[in-house]
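J.: My questions all concern the structure below.
The values are calculated or read from the model by the stated rules, or taken from the named source; none is laboratory data. These numbers were taken from a predicted model, which means no experiment stands behind them. All Cβ positions, even for glycine, are placed from backbone atoms using ideal geometry, and neighbour counts span all protein chains on display. Note: areas computed on protein heavy atoms with side chains; ligands, DNA, RNA excluded. Shrake-Rupley method; radii C 1.70, N 1.55, O 1.52, S 1.80 Å.
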There are 2 protein chains.
Amino acid sequence: VNNSSARRTDTAPVAFRSGAVRPIAVADAHLEPGFWGARQELNDRAIIAHAAEWMTRLGWVRNFEDAASGSRYEHRGREFADSEIYKLIEAISWEIARGRDTHAALLNRLVDIVLAAQEPDGYLHTLFGRPWQRPRYSDFQWGHELYCFGHFLQAAVAHHRATGEERMLEGARALADHVCVLFGPGGLNRVCGHAEIELGLVELYRETGVRRYLDQASVFLERRGTGTIPLHEFGRAFWQDDMKVRDAEVLRGHAVRALYLSAGAADVAAETDDVELRSALERQWQRTVARRTYLTGGMGSHHMDEAFGDDFVLPPDRSYCETCAGVASVMFSWRLLLATGEAKYADLIERSLFNVVATSPSEDGRAFFYANTLHQRVEHSLPSLNEDGVVIRGGAAGRQAWFEVSCCPPNVARTLASLGAYVVTENDDAIQIQQFVAGVFQTSHATVRVATDYPLSGTVEIEVDAVTPGVSLEIRIPSWAEGARIRRAGDETAPPAGDYARLLGVGEGERITLVLPMQPRITRADDRVDAVRGCLAVERGPEVLALESVDLPEGWLLDEVALASDPAPAERDGSVWVDVVRLPQIDDAAWPYARPATDAAADRTGASVALVRYHEWAERGPSTMRVWIPVSGM
Amino acid sequence: VNNSSARRTDTAPVAFRSGAVRPIAVADAHLEPGFWGARQELNDRAIIAHAAEWMTRLGWVRNFEDAASGSRYEHRGREFADSEIYKLIEAISWEIARGRDTHAALLNRLVDIVLAAQEPDGYLHTLFGRPWQRPRYSDFQWGHELYCFGHFLQAAVAHHRATGEERMLEGARALADHVCVLFGPGGLNRVCGHAEIELGLVELYRETGVRRYLDQASVFLERRGTGTIPLHEFGRAFWQDDMKVRDAEVLRGHAVRALYLSAGAADVAAETDDVELRSALERQWQRTVARRTYLTGGMGSHHMDEAFGDDFVLPPDRSYCETCAGVASVMFSWRLLLATGEAKYADLIERSLFNVVATSPSEDGRAFFYANTLHQRVEHSLPSLNEDGVVIRGGAAGRQAWFEVSCCPPNVARTLASLGAYVVTENDDAIQIQQFVAGVFQTSHATVRVATDYPLSGTVEIEVDAVTPGVSLEIRIPSWAEGARIRRAGDETAPPAGDYARLLGVGEGERITLVLPMQPRITRADDRVDAVRGCLAVERGPEVLALESVDLPEGWLLDEVALASDPAPAERDGSVWVDVVRLPQIDDAAWPYARPATDAAADRTGASVALVRYHEWAERGPSTMRVWIPVSGM
């Protein structure tokens, strides 16, 4: 299927061939300095090395070395530790693909170590199957074997696409063949407690053309929802085993599981032309976005099971919004965008990238949010540490260097490394600008140069060169961008928000300017999001803003602050400022449900305060923060 | 210490002797038909038998029989299954104490079975220590050995107080001696992951006069907070092992653990005259009530760890409010009430009894709420069942027959059986009416007869007979009862709310009438309870009311309903009615954060709807429900 000589350019993470639009390769996207270019550099310079260092320090790499040695060892880390190495391999592969070989030696070493541990029959997991370990496939609920395999397959495909080397892809084929024999029709009627292998199998099919891998992904997909996973207090929905994917109306259960499953299902639907399945996924996406998604794009409001709540259960002070769920949401939306070409999917991708994925890593790339709360009430909430001094789970205040469950940092790393591939798409007639990212993007129709300091400003300059005659340029106008303008050859037009501006027949060397309206916006929530009634949020462009305690006048507490009835958001000195009032000193009543009606005429102190970009909060020492701000008098 | 001949009357659950007021015995409180009298009858008629039936069916009783037989067996139920039998024994003992022998044969049988399983060295737990089981004391985090012992001690004391029989008390002494030897000063430096044994040890000290048991309770108390429990993702605060009890400012971590610990600490403080410790507990109680308690008195806002959240994290749609936490809150408040004589503790007891404890059991006593949400968003949320068909954990909609973790039903049973002892207290000069419950209460100063249909009406008739000359009658005036009136010998006075009305020198045969204001009240929350901003609740007397979907006009959804700007709550036909409006048909926007400002002039349909008593909700088929109701235009 693939032409080996063309390999270096066929480096899209999702080699989706049958949709409304097609991706371009990582190798064909060169980001320039700017919001995302800087984060790719941070990834190359800090995040990847940081992740590798921790995985080494904690023995997650050593697990593979010990497994290869054949001697008895005590496995370090959780059931899914192997997968973190695979995500790191994937991240470095995309770095290679985009022309950065900073970590090439590390990549080679990791691939060597991993492949040495693979068993003759293709099986590869460092926690199961050796004489002193639990047997293979003895724990489908929590064992994460097939989950780890899925990440291996994704990493192997990335490695093959980036380097052209066959060795890891061969390992992936051996592993996938093992899975197909064991879990194929008539085989073990089981699915993994955590969806993921479906994604890996479809991508391996795309890379190798071996239909059996796609078929096996379908088998796993159709098997889920038939109750093969043992009972657990979290319920069958936790692992999406409560109903068949094609029958569901909304995402439910563990958010990352639900989103990986949905992304894999979208892959299967695309490759099998399963229109019913695709429609089901579009419907689920829509209802999930309408009823189970935070303003940031974050998903998951339960800490207990890291899960979606019921419709409109979206309390800001208990928002979980796992970073991996943000990454997985991008993966799901990306596949539906490729399938349908509808702008709403790119809208959500943008929202999630700016407000979840970009929020996780610290400025120095050495600490991460695992959960991304929309309301931090206490300055210090110490994380729980395990015996290694590593944070056990990430619900605490502040970014943390590493986690016992460290799925998020390498997920951020692989997303940033491959981000170039998510900016521009094409189809037979047109090029689509999906995201506004400074860089040069090579499509089959033209070279697209984008110059912008977005989201600092809303001006995006697009230049097309080496143009195929007759091709159109389609520019996404975000749904928040009422009042956007496009200038082309002296003409100015006002494209509709929430759709693509379609520019027919762009010419060689043509320059187009998009001007997005960047004045801050006041945002109100649906009444059914009960937890934010009487509050407003402020957004600017794709960025959600927040009120952080360090920006308040001396001595004010975040709890005492409300927006003025006309908060008058305005830009000044690179920040958005709003008018707030300090409520009358709070009396800590003995019983908090005996408050008299507020005296609207009570003496109040006013002030103007700067809001922080949500993704930049918690970078200036201990603080409290809220995205949804009460309005005075409500 | 105790005079055996007086045994039958010394049946207070908490034989607190050193406080501002003293309890009376269960045997000295005879409830008559009324709100609580009916529930005691329900307990006698249904709840106890239902609990016994399930404990038998699931093999939790059989565990003891098998343990006594010496043969190998597979333990059924969770680590704390033994404790449920003990709570049942305690419940039946209080039934005996109040003169009901419905379950006397069952009690004898259970005590026989339990004692037969006790080992020669006093140890008693059916899950640990046999050759095929995990060793004793190999799991302080989750093993619940000392926790079960604590319930055994409480049950044994109750059994002794109720029946005068020595055999279970002897077992308790053997068990307590075993614990003192092993865990005393210089012994194993460990505490149980779940506080409870402290309560049992102090009560056993009170019953036997053996100081060593009180000392051992102190040892466990002082040892907690020194980090003896291994690390866990829930953090050290989960088991209150993050700091010493006397150093804390607020309750935190697992709610039932925190409240049992606090109750036990209050016992230790009282018996050791530890003023510093008592002050610390009063301070913690106050801050917990002011910042971490739901309107219902419910405690615990985290599902994940069944724990208290940060201050003001009280989302109604994620309220956990475990029934056992309500019971435990009553236990803690009761001890502080006895210690201080302050009305606020009795206020919270009343609130928790009416709105948590009374909410749990169904009308037929055969189903229970484990968690008590303040906002049910979906009619059907199916519980997760285990292999026995039993609900694994109680976060689902509706009351359930039984749970894998079934701490709550027997906790309700022992509370209802002993409820008479919580109504009236006394001290050297006075009798205190703490709760308004129809019945006859024998104190050392007088016989107090209370006739009332409270809370149907607010009229409470009190008659005192056989009066010690000069004794005063002190009647709690709830803090919500502004406008209460007391009529005595033709005089009417207006006592202050939130304190006791003190009636000096009551005479033989005197009749006093208390009239509490029962008009429905509109309740507002502190602004910092962000999740209910823009909402109001309605209360009437001690009862929290709620809006349940089954009371709405045909075709209306709960999500569409707001209180009219003047909801005008009024009583009619035995219910409280409020004026509501149906908001304009909700448009399920693709993105829920793009709502335009509400058009206050929009066409709205008005209606008057009846509210349900919160403790009676979910008795009329599938429904949605909310305590906090949005106000139109906010």
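J.: Exactly one condition in (1) open to solvent by 30 Å² or more (accessible area, probe 1.4 Å); (2) closer than 24 Å to residue B:361 by Cβ; (3) of a type in the set (Asp, Glu) is false for residue B:82; which is it?
T.: With respect to (1) open to solvent by 30 Å² or more (accessible area, probe 1.4 Å); (2) closer than 24 Å to residue B:361 by Cβ; (3) of a type in the set (Asp, Glu), residue B:82 is out only on (1).
J.: Among the residues that make up segment A:461-481, is at least one of them under 28 Å from residue A:571 (Cα atoms) and of a type in the set (Asp, Glu)?
T.: yes
J.: Looking at residue A:525 and the list (1) within 14 Å of chain B (Cβ to nearest Cβ); (2) modelled with pLDDT of 95 or more, which single condition is not satisfied?
T.: Checking residue A:525 against (1) within 14 Å of chain B (Cβ to nearest Cβ); (2) modelled with pLDDT of 95 or more, the one that fails is (2).
J.: Which condition number in (1) in contact (Cβ under 8 Å) with a residue 12 or more places away in the chain; (2) surrounded by 16 or more Cβ atoms within 10 Å (Cβ to Cβ) is the one that residue B:209 fails?
T.: Unmet for residue B:209, out of (1) in contact (Cβ under 8 Å) with a residue 12 or more places away in the chain; (2) surrounded by 16 or more Cβ atoms within 10 Å (Cβ to Cβ): (2).
J.: Return a yes/no flag: does segment A:374-382 have any residue that is without any contact (Cβ under 8 Å) to a residue 60 or more places away in the chain, buried (at least 24 other Cβ atoms within 10 Å of the Cβ) and either closer than 14 Å to residue A:35 by Cα or more than 9 Å from chain B (Cβ to nearest Cβ) (or both).
T.: No: segment A:374-382 contains no residue that is without any contact (Cβ under 8 Å) to a residue 60 or more places away in the chain, buried (at least 24 other Cβ atoms within 10 Å of the Cβ) and either closer than 14 Å to residue A:35 by Cα or more than 9 Å from chain B (Cβ to nearest Cβ) (or both).
J.: When residues of segment B:130-147 are filtered for being in contact with a helix residue (DSSP H, G or I) (Cβ under 9 Å, 6 or more places away or on another chain) and over 20 Å from residue B:230 (Cβ atoms), how many remain?
T.: Within segment B:130-147, residues that are in contact with a helix residue (DSSP H, G or I) (Cβ under 9 Å, 6 or more places away or on another chain) and over 20 Å from residue B:230 (Cβ atoms) number 1.
Yes/no per residue for (1) within 14 Å of another protein chain (Cβ to nearest Cβ); (2) open to solvent by 10 Å² or more (accessible area, probe 1.4 Å); (3) of a type in the set (Phe, Trp, Tyr):
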{"position": "A:499", "(1), (2), (3)": "yes, yes, no"}
{"position": "A:505", "(1), (2), (3)": "no, yes, no"}
{"position": "A:509", "(1), (2), (3)": "no, yes, no"}
{"position": "A:513", "(1), (2), (3)": "no, yes, no"}
{"position": "A:539", "(1), (2), (3)": "yes, no, no"}
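J.: Within segment A:311-321, can one find any residue that is away from chain B (no Cβ under 12 Å) and open to solvent by 10 Å² or more (accessible area, probe 1.4 Å)?
T.: No: zero hits.
J.: Additional query: Looking at (1) touching an Asp or Glu at 6+ places or on another chain (Cβ under 8 Å); (2) more than 12 Å from chain A (Cβ to nearest Cβ); (3) without any contact (Cβ under 8 Å) to a residue 24 or more places away in the chain, find the lone condition where residue B:554 falls short.
T.: Unmet for residue B:554, out of (1) touching an Asp or Glu at 6+ places or on another chain (Cβ under 8 Å); (2) more than 12 Å from chain A (Cβ to nearest Cβ); (3) without any contact (Cβ under 8 Å) to a residue 24 or more places away in the chain: (1).
J.: Before we move on, is residue B:461 within 14 Å of another protein chain (Cβ to nearest Cβ) and in a strand (DSSP E or B)?
T.: Considered against the rule, which asks whether it is within 14 Å of another protein chain (Cβ to nearest Cβ) and in a strand (DSSP E or B), residue B:461 comes out as no.
J.: In this structure, is residue A:116 open to solvent by 30 Å² or more (accessible area, probe 1.4 Å) and touching a Phe, Trp or Tyr at 6+ places or on another chain (Cβ under 8 Å)?
T.: yes
Let's see how each residue does on (1) in contact (Cβ under 8 Å) with a residue 60 or more places away in the chain; (2) over 16 Å from residue A:50 (Cβ atoms):
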residue: A:74; (1), (2): no, yes
residue: A:77; (1), (2): yes, yes
residue: A:80; (1), (2): yes, yes
residue: A:95; (1), (2): yes, no
residue: A:99; (1), (2): yes, yes
residue: A:104; (1), (2): no, yes
residue: A:108; (1), (2): no, yes
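J.: Further question on the same structure: How many residues does segment A:524-533 hold that are surrounded by fewer than 21 Cβ atoms within 10 Å (Cβ to Cβ) and of a type outside the set (D, E, K, R)?
T.: So the answer is 0.
J.: In segment A:298-310, what residues are open to solvent by less than 10 Å² (accessible area, probe 1.4 Å) and either over 18 Å from the mean Cα position of the chain (by Cα) or facing another protein chain (nearest Cβ under 7 Å) (or both)?
T.: A:309 - this is the single residue of segment A:298-310 that is open to solvent by less than 10 Å² (accessible area, probe 1.4 Å) and either over 18 Å from the mean Cα position of the chain (by Cα) or facing another protein chain (nearest Cβ under 7 Å) (or both).
J.: Right, here's the next one. I'm told residue A:389 meets every condition in (1) away from chain B (no Cβ under 14 Å); (2) more than 25 Å from the chain's Cα centre (by Cα); (3) small (Gly, Ala, Ser) except one. Can you identify the failing condition by its number?
T.: (1)
J.: Within segment A:564-585, does at least one residue satisfy the condition of being outside any loop (DSSP other than H, G, I, E, B), facing another protein chain (nearest Cβ under 10 Å) and touching a Leu at 6+ places or on another chain (Cβ under 6 Å)?
T.: No: zero hits.
J.: Of everything in segment A:371-386, what is modelled with pLDDT of 75 or more, within 26 Å of the chain's Cα centre (by Cα) and part of a loop (DSSP other than H, G, I, E, B)? Give them in sequence order.
T.: Step one: filter segment A:371-386 for residues modelled with pLDDT of 75 or more, giving A:371-379.
Next, only the ones that are within 26 Å of the chain's Cα centre (by Cα) stay: A:371-377.
Passing the criteria: A:371, A:372, A:373, A:374, A:377.
J.: Could I ask something else about it? Considering only segment B:451-471, state which residues are in contact (Cβ under 8 Å) with a residue 60 or more places away in the chain and open to solvent by less than 10 Å² (accessible area, probe 1.4 Å).
T.: Scanning segment B:451-471 gives B:454, B:455, B:458.
J.: Take the residues in segment B:275-297 that are free of Cβ contacts under 8 Å to residues at least 24 places away in the same chain and more than 14 Å from chain A (Cβ to nearest Cβ), then tell me which one is nearest to residue A:307 (Cα to Cα).
T.: If we take residues in segment B:275-297 being free of Cβ contacts under 8 Å to residues at least 24 places away in the same chain and more than 14 Å from chain A (Cβ to nearest Cβ), then B:279 is nearest to residue A:307 (Cα to Cα).
J.: Still on this structure, I have one more. Name the single residue, out of those in segment A:337-366 being in contact with a Ser or Thr (Cβ under 9 Å, 6 or more places away or on another chain) and under 16 Å from residue A:23 (Cα atoms), that is surrounded by the fewest Cβ atoms within 10 Å (Cβ to Cβ).
T.: My answer is A:341.
J.: Checking the conditions here, which among A:98, A:134 is under 25 Å from residue A:390 (Cβ atoms), among the charged types (D, E, K, R) and either touching a Leu at 6+ places or on another chain (Cβ under 6 Å) or open to solvent by 10 Å² or more (accessible area, probe 1.4 Å) (or both)?
T.: Exactly one of A:98, A:134 is under 25 Å from residue A:390 (Cβ atoms), among the charged types (D, E, K, R) and either touching a Leu at 6+ places or on another chain (Cβ under 6 Å) or open to solvent by 10 Å² or more (accessible area, probe 1.4 Å) (or both), namely A:134.
J.: Moving to a separate point now. Within segment A:233-264, take every residue that is within 14 Å of another protein chain (Cβ to nearest Cβ) and of a type in the set (A, V, I, L, M) and give me the one that is most open to solvent (accessible area, probe 1.4 Å).
T.: Residue satisfying both the conditions and the ranking: A:243.
J.: With respect to residue A:49, is the statement that it is at pLDDT 95 or above and assigned to a helix (DSSP H, G or I) true?
T.: Yes; evaluated as a whole, the condition is true for this residue.
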